[in-house]
1. What net charge do the residues around residue 241 carry, taking every other residue with its C-beta under 12 Å from that of residue 241, with Lys and Arg at +1 and Asp and Glu at -1?
2. Assuming R0 = 25 Å, can you tell me the calculated FRET efficiency for the pair residue 192 and residue 247, based on Cβ-Cβ distance, to the nearest 0.05?
3. Scan (i) 19.8; (ii) 22.9; (iii) 21.6 for the value of Kirkwood radius over Cα pairs in Å calculated from this model and give just the label.
4. Could you report the accessible area of residue 126 in Å², rounded to 10, computed with a 1.4 Å probe on the protein chains as they sit in the structure?
5. Given the -39500 (n - 2.57) contribution per DSSP H run of 4+ residues, what per-residue ellipticity at 222 nm results for the chain, rounded to the nearest 500 deg cm²/dmol?
6. Just 133, 22, 311 to compare: in a GNM of the chain, with alpha carbon springs under 10 Å, which one fluctuates most?
7. Which residue, 165, 73, 114, has the most motion in a Gaussian network model of the chain that connects Cα atoms within less than 10 Å?
8. Under 17 Å between alpha carbons, and skipping anything fewer than 8 positions from residue 247 in its own chain: which aspartates and glutamates qualify?
Amino acid sequence: MLAYLIRRLFAAAVMLVVIILVVFGIFFLVPRWAGVDPATMFVGKQADPAAIEAVRQKLGLADPIFAQVWEFFKGLFVGRTYSGGGDVTECAAPCFGYSFRNEQAIWPVLTDRFPVTLGLALGAAFLWLIFGVAAGVLSALKRGSLWDRGAMIIALGGVSLPIYFTGMLSLAIFSYGLGWIDGRYVPLSESFTGWLGGMILPWVTLAFLYAAMYARITRATMMEVLGEDYIRTARAKGLTEPVVIGKHAMRSTMTPILTMLGMDLGALIGGAILTETTFSLPGLGQAVLTAISDKDLPVILGVTLITSLAVIIANLLVDLLYAVIDPRVRLS
């Protein structure tokens, strides 16, 4: 188990390094090859050549590419010093650089917004796991019943409807229409009840989409597992149906569910742009959307690396949970 964990951590570190190299090349080399100077993007097109050259020297954009990559890597662990034109700026580790638009360090911006996106992803994941898996299991056990048909019709609707439609519909009904939920985001540090009220609709909107997919996958997997020989053996030994379903069938059913959860949770942390935009949540999705419109490359780079790390960690945790959920899986 320890050897497996060490290998997976090493593979995750290598993957993160590769992602950094690829993303750094995309954001800082490809634009230059296309004739777009990052220094010009920093100071604006109307700036004089002297100002552009000063920024180029300060950001190290005039250095060889290997020196630029090394400075970026080093800045993540020990910080970085930007100097040029008599101006010296210290960027504490982990240094992702400075925004082209407001000249603020990227890391504080990410740490302010990441808890919002993480709370959105974890809350929605909890809801869609509970309701999606439960609906799928009941549909498999009551195959062909009215419940089965109704649950699958609702699941099909949940998969088909886009997030921005269900989000605006929930706001129109429960916030603007009935007035049951305020719908405005309040930081958790200010008020727990206000934070909870602002997150309920985003959670339900995301959970409705993902619970529909999980219900369909759970139903199909559970029906396949119930036909296995060891399930028939467990029933023949006289085990009660709750024990057969809860202890034996659910373990095998949860393996593909965990695989989906690892990918979906990691992708959701990096891809909740529509939900955050619909509900005006100040998370990473809003930050990267603004950065794209402003051509703020350091912010996009920082968000990309943070979300890549989240995907890697989520999949690592899922791999470790396989052996806990299903004893037939052995990590060696």
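1. Within the 12 Å Cβ shell, the charges total +2.
2. For residue 192 and residue 247, the calculated efficiency is 0.10.
3. Step by step, Kirkwood radius over Cα pairs in Å for this structure corresponds to label (ii).
4. The value for residue 126 is about 130 Å².
5. Helix-only estimate at 222 nm: -23500 deg cm²/dmol.
6. Highest fluctuation among the options: 22.
7. The residue that fluctuates most here is 165.
8. 224, 228, 229, 326
The values are calculated or read from the model by the stated rules, or taken from the named source; none is laboratory data. None of these values were measured; they are calculated from a predicted model. With ideal geometry, Cβ positions are generated from the backbone for all residues, glycine too; neighbour counts draw on all protein chains shown. Ligands, DNA and RNA are excluded from the accessible area calculation, which covers all protein heavy atoms including side chains. Shrake-Rupley method; radii C 1.70, N 1.55, O 1.52, S 1.80 Å.
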